[in-house]
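Reviewing the structure listed below.
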Amino acid sequence: MMAESVSVNKIRDVLLVTVPPEPEDETIALLQGKVLQAMERYEVKGLVIDISTVETLDSYFARTIIETAQMVRLMGGRTIVAGMRPGVAITATQLGLTLGELSTALNVDRALDLLGQETFKGGH
Amino acid sequence: MKERGKGKTQSSVRGDKVRLALEECQFRLGLLVNYLPQKIFVKDKDLTYLFCNDSYARDLNIKAENIAGMTDLDFYPKDLAEKYRADDKRLIDTAGSELLQERYTLEGQEFVVETFKKAITDKDGKTICLLGVFNDITEIKQVEMEAIKKNKVLNAINTIFRENIKCDTEEDLARTCLVAAQEVTGSQFGFIGELNSAGRFDTIALSNPGWDACQVARGEATLLIKDMEVRGLWGRVIQDERSLIVNKPKTHPDRVGLPEGHPPLTSFLGVPLKHGGRTIGMIALANKPDGYEIADQEAVEALVTPIVEAMRSKLADQTLARQAQEILELSTPVVQVWEGVVVAPLIGVLDSQRTYRFMERFLERIVDTESPVALVDITGVPTVDTETAQHLIEAITAARLLGTQVVLTGVSPAIAQTLVHLGVDLSDIETRSSLVGGLRVALNILGLEIIRKAESPREERR
Amino acid sequence: MAELGYGNGHIGIANEGDIVTVRKTVRDKAGLLGFNPIDVTRIVTAASELARNIVRYAGSGLMNWRVIEIGDRLGLELSFEDQGPGIEDLEQALEPGFTTSGGLGLGLPGAKRLMDEMEIKSQKGRGTRVMIRKWFRRDIVKPLRVDTANKERVQRFRKAG
C-alpha cells in the first residue's frame with residue numbers, strides 16, 4: 001500500500017501540516033522528515049499540526065509527534081497540535097497519552113493566533 | 001333354675017363372681033375389638049383363622065363368628081392366598097413381627113394400608129398364634145401428599161420472591177420462575193412469555209432442554225422468539241384466557257409444528273398469567289412423564305400471582321433505574337455562558353457510566369462552541385471518592401488535550417480535604433472554590449473585563 | 001455465548017500496513033454493530049496498539065474478530081495471536097510506561113482501559129494471545145441493524161412454530 005503523501009506548507013511564518021484521517025506509520029515517519037527539512041529551509045516560529053481529520057491516535061503517532069516537537073524546539077520553534085477530535089481526546093486520555101509540553105489548540109486559526117503572539121527571535 | 005346362694009359354698013360363689021367378671025370383661029373387650037375401625041384377626045399357628053373383628057369380616061363378606069376354622073385359601077385367589085400364608089408362616093417360624101405399608105386396589109379405588117402382623121409367643125418363646133392389624137391410611141396418605149405438594153408450591157413461591165431480590169433483570173427472574181414451575185410439576189421444559197404492546201408474544205424465558213435440543217443457534221433464536229403471532233396450543237391459552245392441559249398433543253387440532261430438532265411434545269400444560277383480570281402472558285410447561293393432572297394445573301395457577309407480582313416489580317425496578325439514569329443525564333448540561341466559555345455544573349454522584357456520557361458531551365460542546373475556556377463546577381457533587389476524582393481528572397485532561405483551559409470550580413473545604421487525603425494530584429489543574437471565582441479566571445484568560453455601566457447618561461455624552 | 005450471523009473474520013498482521021487494515025476493518029465492524037463514535041475510536045485505538053505490538057515484538061501474527069452475544073447484549077471480540085517471544089512478566093507488562101522496545105509502554109494497559117474485558121495468555125518463547133471485548137451499550141440510541149440475509153432464515157423458523 002502506498003503511503004498517502006503528506007505535505008508541509010508554509011503559511012506566513014509558520015509551518016502547517018495537515019494529517020490525513022488514518023495515517024499509516026510510513027506517512028507519519030515521512031511527516032517528521034519533511035518537517036525537519038522545512039525547518040532547515042525556512043525561518044519559522046513554529047509548527048502547527050492539524051489533526052482535525054484524524055480518527056485514531058495511537059501511541060506510535062503520539063510518540064512521533066512528541067519527538068517531532070522536541071526536534072522543532074531544538075531548532076528554535078514551537079509546536080502546536082490543533083483540532084483534536086473529542087473522541088480522540090478521550091481515547092488518548094484513557095490510553096494514558098499525554099502530549100507533555102506540547103500545546104494544543106481547538107483549531108488551526110487559534111493555533112496560528114497563538115504562534116503569532118510569540119515574540120519572534122528575529123525581531124519583528 | 002337353682003337358686004343362687006343356697007346350696008353353694010363360699011368359694012363357689014366367689015368363683016361365680018370371678019367368672020362373671022371375666023365374662024363381662026371379655027364381652028367388653030370383644031365389643032371394643034369388634035367396633036374398632038382397624039381390621040383385626042388372629043390366626044392359629046397352622047394358619048387357620050381363630051378370630052377376627054367385624055371390620056375384617058365385612059371385607060371378606062362373612063360374619064365374624066363364622067371365621068373360625070377357615071383359611072386364606074377360602075377367601076383369596078390361590079396365588080395370593082399362598083403368598084399371604086407364606087408371609088404368615090415366616091413370621092410364625094421366626095416369632096417375628098412386621099409393619100409395612102401396602103397399596104392395593106379394591107373396586108377401582110386405590111387404598112393405602114398399613115399392615116401390622118405379630119407372632120404371639122408363650123413364655124418359652126414358642127409361637128401360639130399370629131395377630132394381624134390392618135389400618136387404612138389412605139386418607140392420611142392423601143393428606144400427606146397434599147401437604148408435600150403444597151409445600152413444594154410454597155417453596156416455589158418463596159424461591160420466586162427471594163430470587164426477585166437477587167436477579168438483576170426481568171429475564172433472569174422469569175427463568176427462575178420457570179424452573180420453579182417445572183420442578184413443582186415435574187416437567188422437562190417450558191417457557192414464559194408476555195404480550196407486547198402490538199398484541200404479539202415475546203418469550204422472556206425458555207428452559208434449557210428446549211434450547212440445546214433445538215438446532216436453532218442461540219443467537220438467532222433470541223431474534224426468533226420475540227414478537228410471535230399468538231397461535232398454536234399455547235396461543236389457545238391466551239385467547240381463551242384459561243388454563244389448558246393436553247396430554248396427547250399430536251392429535252390436538254390447535255397444535256403447530258415445532259422447529260427442527262425440537263424434542264417432541266408428549267404433554268402440555270399452559271396457564272395464563274393475569275394481572276388485574278387481564279391476561280398479560282402465559283407460562284407453558286411440557287413433557288411431564290405421565291401427563292398432567294388438574295393438581296398440576298392448580299399448583300401452577302397458585303404460582304401465577306407471585307410470578308406476575310415478582311416480574312412486574314422487577315420491571316418497575318428496571319424502569320425506575322432507567323428513569324433515574326435519564327434524570328441524572330438531564331442534570332449534567334454543558335452550557336455556554338459567554339462567547340468562549342462553557343460551564344458544566346455537575347450534580348449528584350459521578351459513576352463510571354455517567355462520567356463517560358458527561359465527558360463525551362462536555363468535549364463535543366467545547367468543540368462546537370470553540371471555547372478556549374471551560375469550567376467544571378462540582379458544587380453539586382456531595383462526595384468525592386477516588387473513583388470520582390479520577391473520572392473528573394480524566395475529563396479535564398481530555399478537555400485540555402483539545403486545547404482548552406479548564407478550571408475546576410466549586411471545590412468546598414470538605415472536598416479539598418478529601419482530595420488531598422486521597423493523594424489526588426491536582427497541581428496541574430486550576431481550581432477555585434466557587435463558580436464566580438472560576439468565571440473570573442475565564443474572563444482573564446479571554447482578556448475580557450466586566451465594567452459597570454455609567455451611572456448617569458449625561459456623563460457619558462461628555 | 002454464541003456467534004451471531006453478523007460474521008467473524010481474521011486479518012493477518014505482518015507489517016505496518018496491516019495495522020491500517022486492522023484499524024479500517026475494526027472501525028467498519030464496530031460501526032455496523034452500532035457502537036457510538038467515541039466507543040468506535042476506543043476499540044480501534046486498542047486494536048491498533050495490540051496489532052502494533054505484534055509487528056514490533058513477534059514480527060507477524062493474526063487478529064480474529066467476531067460478534068458475540070450474552071442474553072440481549074451484543075459485543076465485539078478481538079483476539080490477537082502470535083508465535084513470538086511471549087511476555088515474561090505479565091504484571092510488569094500491564095504497568096503503564098513499562099516497555100522493552102523503546103515505545104511508550106502504553107499498549108497493553110491502555111487497551112485494557114479502553115475496553116470492557118481483556119484476557120492475556122502468554123508463554124515465554126511460545127507466543128501470546130490477547131483477547132479484548134467491548135459490549136454495546138444499547139441505551140445509547142442506535143438501533144440494531146439486522147443482516148437481511150439472515151432475516152429470511154429467521155422467518156422460516158417462525159413459520160415452523
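Throughout, read-outs are computed from the coordinates displayed, never taken from laboratory work. On a predicted model such as this, the values are computed, not experimentally measured, just so you know. Please note: Cβ atoms are built from the backbone with ideal geometry, for glycine as well, and neighbour counts cover all protein chains shown.
Descriptive notes on the structure:
- Cα→Cβ-extended label distance, 7 Å offset, between C:Asn15 and C:Asp28, nm: 2.0 nm
- Under 5 Å from the amide H of C:Leu106 lie the amide H atoms of C:Gly97, each residue being 5 or more positions distant or on a separate chain, with H modelled from the backbone and absent for Pro and chain starts.
- The amide H of B:Thr409, built 1.01 Å from its N in the peptide plane, has B:Val376, B:Asp377, B:Ile378, B:Arg432 as neighbours under 5 Å, considering only residues 5 or more places off or on other chains.
- In sequence order, calculated HN-Hα J values of the stretch A:11-16 (Karplus, 6.51, -1.76, 1.60; Hz; x Gly/Pro): 10, 6, 10, 9, 8, 10
- Burial ordering of B:Val143, B:Val349, fewest other beta-carbon atoms within 10 Å first: B:Val143, B:Val349
- Shielding of C:25-38 by partner chains, average beta-carbon count, 10 Å: 2
- Footprinting exposure proxy ranking of A:Val35, B:Val133, fewest other C-beta atoms within 10 angstrom first, gives B:Val133, A:Val35.
- Ranked for footprinting exposure by Cβ neighbours inside 10 Å, fewest first, C:Phe80, B:Phe358, B:Phe111 give B:Phe111, B:Phe358, C:Phe80.
- Applied to the stretch A:58-64, the Karplus parametrisation 6.51 cos²θ - 1.76 cosθ + 1.60 on θ = phi - 60° returns per-residue 3J(HN,Hα) values of 9, 5, 5, 4, 4, 4, 5 Hz, with x for Gly and Pro.
- Segment B:Asp368-B:Asp122, extension gain: residue separation times 0.36 nm, minus the distance between their alpha carbons: 77.5 nm
- Compared with the dominant principal axis of the Cα atoms in chain B, helix B:413-422 is inclined by about 70°.
- The protein assembly as shown: C-alpha gyration tensor shape, a/c 1.5 cut-off, then a/b vs b/c: prolate
- Compared with the dominant Cα axis of chain B, that is its longest principal axis, helix B:10-35 is turned about 40°.
- Shape metrics for the stretch A:8-117, restricted to C-alpha atoms - Rg then Dmax, Å: 12.8, 38
- Dipole magnitude (debye, nearest 20) for the protein assembly as shown, charges at Cβ of Lys, Arg, Asp, Glu: 1360 debye
- Value of [θ]222 nm, deg cm²/dmol, for the protein assembly as shown, DSSP H segments ≥ 4, -39500 (n - 2.57) each, nearest 500: -14000 deg cm²/dmol
- Using a Förster distance of 45 Å, the FRET efficiency for B:Lys248-B:Val143 (Cβ separation, nearest 0.05): 0.90
- Ratio of Rg to Rh over chain B (Cα coordinates, Kirkwood Rh, two decimals): 1.37
- Calculated from backbone phi, Karplus (6.51, -1.76, 1.60) coupling profile of the stretch A:17-22 in Hz, x at Gly/Pro: 10, 10, 8, x, x, 10
- Projected label points at B:Val230 and B:Thr266, each 7 Å from Cα along the beta carbon direction, are separated by 3.1 nanometres.
- With one equal scatterer per alpha carbon and no solvent term, the Debye-computed log10 I(q)/I(0) for the stretch B:330-462 at 0.15, 0.19 1/Å reads -0.68, -1.04.
- For A:Ile80, the residues 5 or more places off, or on other chains, whose built amide H falls under 5 Å of its own are A:Leu47, A:Val48, A:Ile49.
- Computed FRET value (nearest 0.05) for B:Lys150 with B:Leu29, which takes r as the C-beta separation and R₀ as 51 Å: 0.80
- Between helix A:25-41 and chain A: long-axis angle, C-alpha atoms, 0 to 90°, nearest 10: 0 degrees
- Subset of B:Lys39/B:Lys152; B:Lys43/B:Lys63; B:Lys83/B:Lys152; B:Lys78/B:Lys123 violating a 28 Å alpha-carbon distance limit: B:Lys39/B:Lys152; B:Lys83/B:Lys152; B:Lys78/B:Lys123
- Estimated at 0.36 nm per residue, the fully extended path between B:Ala86 and B:Ile347 surpasses their Cα-Cα distance by 85.1 nm.
- Note on B:357-367: average number of Cβ atoms from other chains within 10 Å of each residue's Cβ is 4.
- Efficiency of FRET from Cβ geometry, C:Lys121 and B:Asp385, R₀ 45 Å, rounded to 0.05: 0.85
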